[in-house]
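Contents: one structure, followed by commentary.
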Amino acid sequence: MTPKRKIFITILCLLGSLIVVLTFGIAPLIRGISKDAGKLQTQKQELEIFEKETQEIENFKMFSQERKADVEGLHRLFVSSETPIPFIEFLEQYAKPLGIELTIIPGEPKKIREDFWPSLDFLVSSKASYPAAFAFLRAVENAPFALAVENIAFLSVPLSSDVAFTITLKAYTK
């Protein structure tokens, strides 16, 4: 064998081993790295989503703490169908300074299809001067309860400056 041929065979062997090393050693390594890089990118995106969701949860917690009083206030808007005592006390509280003695007759709790909430009707009646009756009606309209004035009737009392009035109220219940 000539030295040229030995060099040529050596170069071919080196090239062959280089190809084998590249094919079976480095190529799988590069594929594994690219696969791991893809997984890393996916995990980074999932981490970003998780951080956003965590921030949204924290924002919601802060918002709910800030609005806790408002939510509790909403619960106070509704009258208890079993014991509507705070609502009746409210009516009496506004009637007393006006010199009005009320007769309050609560109805049965009911749920009407057109209404969003169940309700309880109250029939409120009394005699008073017209300005006092009107002031009481204004207080009822500005009540801190979810209610609707269903009907109002005023009748003059003979031989008196007073009027007899009847108000039908629909108070929404819990």
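The values are calculated or read from the model by the stated rules, or taken from the named source; none is laboratory data. Predicted model only: the values in this text are computed from it and were never measured. Glycine gets a Cβ as well: all are built from the backbone with ideal geometry, and neighbour counts include every protein chain shown. Areas reflect the complete protein model, heavy atoms only, side chains present, ligands, DNA and RNA absent. Shrake-Rupley method; radii C 1.70, N 1.55, O 1.52, S 1.80 Å.
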Cross-chain or 8 or more residues apart, Cα under 24 Å: how many lysine pairs in the chain fit that? Count them up, please. 13
Result for the chain: accessible area per residue, probe 1.4 angstrom, in square angstrom, of 76 Å²
Could the peptides 77-85, 34-42 be put in order, highest first, of the mean number of other beta-carbon atoms found within 10 Å of their residues? 77-85, 34-42
Rounded, prolate or oblate: which one fits region 92-139, using the alpha carbon gyration tensor with axes a ≥ b ≥ c (rounded when a/c is under 1.5, else prolate when a/b beats b/c, else oblate)? prolate
The chain - percent relative contact order, Cα under 8 Å, separation 6 or more: 19 percent
Under 19 Å from the Arg67 label point (7 Å along Cα→beta-carbon), backbone N, region 126-161: none
Between 0 and 90°, nearest 10: helix 85-95 axis offset from the chain longest Cα axis: 50 degrees
Relative contact order, percent, region 91-174 [alpha-carbon distance under 8 Å, six or more residues apart]: 32 percent
In the chain, with Lys and Arg counted as +1 and Asp and Glu as -1 at Cβ, which of these residues, Cys13, Tyr94, Ser161, has the Cα nearest the positive end of the dipole, that is, farthest along it? Cys13
Mean separation of Cα contacts under 8 Å (at least 6 apart) over the residue count of region 126-174, i.e. the relative contact order in percent, is 43 percent
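Which of rounded, prolate or oblate describes region 63-174 when judged by the alpha-carbon gyration tensor and an a/c cut-off of 1.5?
On the way: a/c = 2.65, a/b = 1.81, b/c = 1.46.
Verdict is prolate for region 63-174.
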What's the angle, to the nearest 10 degrees (0 to 90), between helix 130-141's Cα axis and the longest principal axis of the chain? 20 degrees
With angles folded into 0 to 90 degrees, how steeply does helix 3-21 sit against the dominant principal axis of the chain? Use alpha carbons for both and round to 10. 20 degrees
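What is the percent carbon and sulfur in the accessible area of region 23-103, measuring with a 1.4 Å probe over the protein chains and ignoring ligands?
Numbers: 4010 of 6780 Å².
Using a 1.4 Å probe with all protein chains present, region 23-103 comes out at 59 percent carbon and sulfur.
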